[in-house]
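Bear in mind these aren't lab numbers, they're just calculated from the coordinates by the rules spelled out. Fair warning: this is a prediction, and the values are worked out from it, not measured in the lab. Note that each Cβ is placed from the backbone with ideal geometry, even for glycine, and that neighbours are counted across all protein chains shown.
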Amino acid sequence: MPLIEANGLDIEYESFGPEGRETILLIMGLGAQLTQWPIELCDELVTRGYRVVRFDNRDVGLSSRIERDRAFAFSDAFFSLASGKPAFVPYSLDDMAADAVGLLDALGVEKAHIVGASMGGMIAQLVAAEYPERTLSLTSIMSSSGNPLLPHPRPRVLSLMMSPAPHARDTEAVIARGVKTYETIGSPGFPTDEETLREWVTRDATRAYYPAGVMRQMAAVLTNGDRRPKLRRIVAPTVVLHGADDPLVPCAAGEDTAANIEGAELRLVEGMGHDMPLALVDTIADAIVAAAQRATGVKRGEDEKLLPLQAFAALSVAGAEQKTSEVHGRADTEASVPIADTDLVPGGLALPGAVADLPRLSVFARVKLWFARMVARLRG
């Protein structure tokens, strides 16, 4: 995975699909690495016609760790906030939104479909509100509006989140806590088996384990406040996806988010908790693509062919044959290439290898040539 400088930081990212396509930028949540965006989801979005970029936020994974300025104590910040006093925090969610935009700058992406999960959803909301010129669409997943009157996490979840993190040297304890976290906040209607959970947790713990960064990110979340005034400024087409059974961020938070973004579509998923089980990859992809299509229309996926056979029915055989002069005599040889039954799949279009290998013809010209020869063969 490449490392790139963005907003004055080193950001680890991964890109899927051709660079010329519209980009979907995936922003992950609290303490979560880019790997927690399922590779299956990335592949699905590529199949549907997009480029996908996922990355490690600052202070997590392989991106820059913010170990500067004066010492930060999360407990001091928490109690300052609880007493209504200002709290020192190393950075804000607005800084993290600027990281996301900085990554787009570094990648040369002018505008993107912004997608965020949990804390990443909060960051995505800020990108859409503060950088409308960079935002094609917004998908906010299992996130919140910051409304202080919303329900809190369930006690057992809050207790787990606030418990001390195991020491890095205690690998088994780190894995056990990770598995327990998944099981506690996961989707009751779409449970992931324990073996898979252990594989995911081991993968992430091996890649990077940095509890101090999680505390700083949590402080950024707590000090961000009520985002509803900013949500009301969002003009990008928006879909809000939330689990009806989310124990960490209750579904009322998703409902409030959608209510404060004009024109937002709310999608509540029964049985979904605060995770991304593989069984819901299509559901999540549907939500992201629904927002994207509202912004820029339907895209042609990888599995769709260049043009349907019907589009070539009106092409001139003579016009196609004229292109053969560009290959300097190779047309006579290629004309004898047989057309197999597999080349005539209804609704599809497969070029015979010899025709597809004509290097000096454009793809369009090669297809025209193939179609012309097929028509001539059928007539003969």
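What FRET efficiency, computed as 1/(1 + (r/R0)^6) with R0 = 22 Å and r the Cβ-Cβ distance, is obtained for L268 and R154, rounded to the nearest 0.05? Write down the numbers at each step before the final one.
Details: r = 18 Å, r/R0 = 0.80.
Efficiency computed from Cβ-Cβ geometry: 0.80.
Taking the square roots of five times each eigenvalue of the Cα gyration tensor of the stretch 3-296, the equivalent ellipsoid has semi-axes of 26, 22, 21 Å, listed largest first. Across the stretch 21-38, coupling constants 3J(HN,Hα) worked out from phi with the 6.51/-1.76/1.60 Karplus curve, θ = phi - 60°, read 7, 4, 9, 9, 9, 9, 10, 8, x, 4, x, 9, 7, 4, 5, 7, 7, x Hz, and Gly and Pro carry x.
The loop-placed trypsin sites (Lys or Arg not before Pro) in the stretch 158-260, going by DSSP, that have at most 15 neighbouring Cβ atoms within 10 Å of their Cβ come out as R169, R232, R233. Exposure proxy shown here: for F190, F16, F55, the number of other Cβ atoms within 10 Å sets the order, fewest to most, as F16, F190, F55.
Per residue, what volume in Å³ does the Cα convex hull of the stretch 174-286 take up?
Residue-normalised Cα hull volume stands at 123 Å³.
Sorting D43, D282 by the number of Cβ atoms found within 10 Å of their own Cβ, with the fewest placed first, yields D282, D43. Extending 7 Å from Cα along the Cβ direction at T171 and again at L278 yields two label points whose distance is 2.4 nm. In terms of surrounding Cβ atoms within a 10 Å radius of their Cβ, I4, I175, I284 rank from fewest to most as I4, I175, I284.
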